[in-house]
Amino acid sequence: MSTVEDLPTPALLVDVDRLGRNLDRMAKALAGKGIALRPHVKTSKCWEVVRRQLDSGAIGMTCSTPAEVAWLKGKGVPDLLWAHVPVGPRKVEFAVATARDGGLTIALDSVEAALALSGKGVTVPFVLEVDTGHGRLGVRPERAVEVASAIAALPGLELRGVLTHEGHVGAAPDRAALERAGTEAGHTLVRTADALRAAGHDVSIVSIGSTPGATTAPFVPGITEARPGTYAYFDANQVRIGSCTLDDCALTVLARVVSRRPDGTAIIDAGVKAMSSDTIGVTGFVGRVVGPVPGDGEIGFPEANEEHGFLRGPGAAALRVGDLVRIVPNNACGTTNMWSHVYPVSGAEVLGDWPVAARY
Ligand SMILES: Cc1ncc(COP(=O)(O)O)c(C=O)c1O
């Protein structure tokens, strides 16, 4: 039996017991309520995780990049949603070729992007992306009928429904406000779907998706599917906004103390190339040190270079060269993308070595 002690550091670990609980909880929350689960693959990019998601009832997967779409298509996943607008000749060519094979729905939010996909002798199913407050992709709800109608009138483009990513709810000042924002995003999307139906469109997909919004938005009557991604692993950002507890976090970076500073700082062999630098500016830390923990919060991780991390605080002073620490990243999805493989673990036991695919 191999244990985490035997692993080279830094290493990315996924706790399979926590992963299983997280997947199970989401599948059970949606099951029997008419809400399909289509998880976002960007969080794991790992077939062993996707397989578990499909086994526990997911109807298909959500993707961001052509690499994710191509990889999952090659794996035979039947129903893929590419929730990013395919713009530029290579992405357009890829979207058309993949649509020709079937099993792919894309997202669109402009006639300009749609024009490049039109008239290619193939039907390209699309959902209209709607901005319910995130301020990234998507048309504002009041323009949805106009834009969807213009795109659907183009040869080869077939409207299937609407989609939103309500990621902005995570920025709410407290959990109650976050939940209100999630419900509001759900209602906005359902109202938009109803307006499209009233304008004569067939709208079968009403798709909402984020981990912070997952406890509220999918349960608004009229929503047909949820696309959470981070829920598989959770992370320190989700702990901060109350989506989970630290004990739910399945993804950790394993690192070793490689040196000590006279001021009590412990230097570890994991920096931003192991953790990603996501949201350090928001949280004030690179990740949360969870083991060995002499008391939660006693080892801080405020700073990192590329391959060096600086652990400070009373707990850090007790660490010795060679000690192992485990760190929950701020953003599981960003951290996954830094790695080509992840070690599945149960407690301290290492169960294998899973490839991370489609990293770009
Ligand atoms: C379009 C889309 N859908 C779903 C998700 C999943 O959200 P989360 O990572 O909060 O679960 C994302 C995340 O960025 C996204 O961009």
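Here are the numbers:
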| quantity | calculated |
| --- | --- |
| The chain: calculated mean residue ellipticity at 222 nm from DSSP helix runs of at least 4, using -39500 (n - 2.57) | -8000 deg cm²/dmol |
| Mean Cβ count within 10 Å, highest first, over the residues of peptides 56-63, 141-148 | 56-63, 141-148 |
| Relative contact order, percent, the chain [alpha-carbon distance under 8 Å, six or more residues apart] | 20 percent |
| Fraction of beta bridges assigned by DSSP in the chain that are antiparallel (%, nearest 5) | 50 percent |
| Pairs of Lys in the chain closer than 27 Å at Cα, counting only those 8 or more apart or on different chains | 18 |
| Relative contact order (%) - criterion: Cα under 8 Å, at least six apart; region: segment 105-211 | 28 percent |
| Normalised alpha carbon radius of gyration of the chain [divisor 2.2 N^0.38 Å] | 1.05 |
| For segment 81-121 and segment 1-56, distance of Cα centres in Å | 29 Å |
| Neighbour cut-off at most 10 other Cβ (10 Å), DSSP loop, trypsin sites (Lys or Arg not before Pro), segment 282-360 | ARG320 |
| Amide H within-cut-off set for ARG140, under 5 Å, with H built and near neighbours excluded | ASP131 |
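Quick note: the coordinates plus some simple rules give every number you see, no bench work behind them. Note that the coordinates shown come from a computational prediction; the quantities given were computed from them, not determined experimentally. Cβ sites come from the backbone with ideal geometry, for glycine too, and all protein chains shown count toward neighbours.
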